[in-house]
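Undergrad: Before we start, here is the structure in question, set down as structure tokens.
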Amino acid sequence: MLKILKYILLSISLILSLLALTEYLLWLNHSKKEINIFVMDKTVRDLNCDNHRSLFEVINNCRITKHDGSNYDFRNDYFGFFPLKPLSKRIYEIKRILLEQIDSLSDEYDALYYADTYGVYFSEWYKGFRASTVNSFIEGGLTQNDFLFVKSMKDKRKLVILEYNTLGSPTSELIKYKTEKLLGIHTTGWIGKYVNNLDSSANNELPNSIINNYFNKNYRKWPFKGPGIVLTNNIYVIVLQKDIHLLSEKPLINSCNFLQEHYHLPESTVYLNWFEIVNVEDTNNILANYTLNLTATGDSLIHSYGLSSFFPAIISCHRNGLNMYYFAGDFANNPVNVIDIKLMYIQKSINLFKFDESKLFFQNFYSPLLENILDEYSKTFK
């Protein structure tokens, strides 16, 4: 019996190895595309670069190269905050956009992707730092030069992709307003996230500031346990619990017909990361929506705060030759494998044996979404 089991396991291992080798050879034979992509990430606290690493995974898997033919490196080919070795010395560099560079950069780059602008704060970078007043940031927020660069890229009909928190704190109200007008959206200030365990003693998914905010306004209580969704606008905190407020606790992204038919994205995708609630000037620009599956009690609760269970996840603008997207979620922050195996065509089959929904979001939704956007865009300047 043991010999048969070993034979079966060995056979499965050999088949998977052959499939991996075949897919790697197919990947090597896949034609390269030259797209000079500007990536901004101001929230890089270590060398893992979690907030943009999966973005570079997609870029390299698509065989997209820089104009000099070299591959993209997630540790070097971005603007923003750069931790330096050794990390124990807490030294860093910052690569910003200078005013005099804006025109030349928008000529040099074919596309831009702002992955994260929340920034790095003193208390997060210098361990043991205790701020006597409001904790300030070392680097963060969308600046005037960032706005002018985005506008210049838009004016030159380049691909523009902005993501969750680009317009959140610590971006100033003036820059936020100007960028919202540029994109045709309005941020409400509300953000949210699925939480596997709401128990504050076991929770490591929510910032303490959110729990403390609720705690201080509700008779010093945080009486929640089990899975749920937390919504906050830095003033109020709404906690949606399974069975009380939620029929199913996990948020979904529902794709429009275009994404399903042309990008082959699933009709519905579980999404577990941070999202934000935005309003859109033209609802025709909405490509996907978030859905919270609420009970009557939950629906009544969020409506009392002026919120809905249905709000935009992906907004696009393709009028007059524009190629602009806003992802109202932390889409680029995904777990990716340390070893980069190029499995372009059998990923979906492999996913049948995986149950990590955060990885499934990357493989089934974010990766094909971005791959199709880049592939479609690359054809416009051949």
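Undergrad: Once every Cα of segment 39-164 carries one equal point scatterer and solvent is ignored, give the base-10 log of I(q)/I(0) from the Debye formula at q = 0.09, 0.14, 0.16, 0.19 Å⁻¹, two decimals.
TA: The calculated log intensity ratios at q = 0.09, 0.14, 0.16, 0.19 Å⁻¹ are -0.28, -0.67, -0.85, -1.13.
Undergrad: Enumerate the amide H contacts of Y164 below 5 Å, restricted to partners 5 or more residues apart or on another chain; note that Pro and chain-start residues carry no placed amide H.
TA: F327, G329, F331
Undergrad: Per residue of segment 280-297, what does 6.51 cos²θ - 1.76 cosθ + 1.60 with θ = phi - 60° give for ³J(HN,Hα)? Whole Hz please, x for Gly and Pro, Karplus curve as stated.
TA: Per-residue couplings from phi come out as 10, 5, 10, 5, 5, 8, 7, 9, 7, 10, 7, 10, 9, 8, 9, 7, 4, 5 Hz.
Undergrad: How far, in nm, would the chain grow between C256 and R157 when pulled straight, counting 0.36 nm per residue and subtracting the alpha carbon separation?
TA: Full extension from C256 to R157 adds 33.2 nm.
Undergrad: What are the ³J(HN,Hα) values, in whole Hz, obtained from phi via the Karplus relation 6.51 cos²θ - 1.76 cosθ + 1.60 with θ = phi - 60°, for each residue of segment 163-171 in sequence order, with x given for Gly and Pro?
TA: Per residue, the Karplus-derived 3J(HN,Hα) values read 10, 2, 6, 4, 10, x, 4, x, 5 Hz.
Undergrad: Now for a different question. Work out from phi, with θ = phi - 60° and the Karplus expression 6.51 cos²θ - 1.76 cosθ + 1.60, the ³J(HN,Hα) of each residue of segment 233-249, listed in order in whole Hz, and give x for Gly and Pro.
TA: 10, 6, 10, 10, 10, 10, 10, 9, 9, 4, 6, 8, 10, 10, 6, 9, 7
Undergrad: Mind checking the full-extension length gain between S104 and N234? Use 0.36 nm per residue of separation minus the Cα-Cα distance, one decimal, nm.
TA: In short, 43.0 nm is gained.
Undergrad: Sticking with this one: Students often get this wrong: which residues of segment 87-104 have the backbone nitrogen under 15 Å from the point 7 angstrom along Cα-to-C-beta of L47?
TA: Hits in segment 87-104 for L47 at 15 Å: 87-93.
Undergrad: Using the reciprocal of the averaged 1/r over all distinct C-alpha pairs, how large is the Kirkwood radius of segment 184-319 in Å?
TA: Every distinct Cα pair counted, the radius reaches 15.8 Å.
Undergrad: Length gain on complete extension for the stretch L148 to E124, per 0.36 nm per residue less the alpha carbon to alpha carbon distance?
TA: Extra length from L148 to E124 when fully extended: 5.7 nm.
Undergrad: Over segment 184-319, what is the relative contact order in percent, taking alpha-carbon pairs closer than 8 angstrom and at least six residues apart?
TA: 27 percent
The numbers here are math on the coordinates, done by the rules we state, and not lab data. Computed from a predicted model, the values in this text were never measured in an experiment. In this analysis, Cβ positions are derived from the backbone assuming ideal geometry, glycine residues included, and neighbour counts consider all displayed protein chains.
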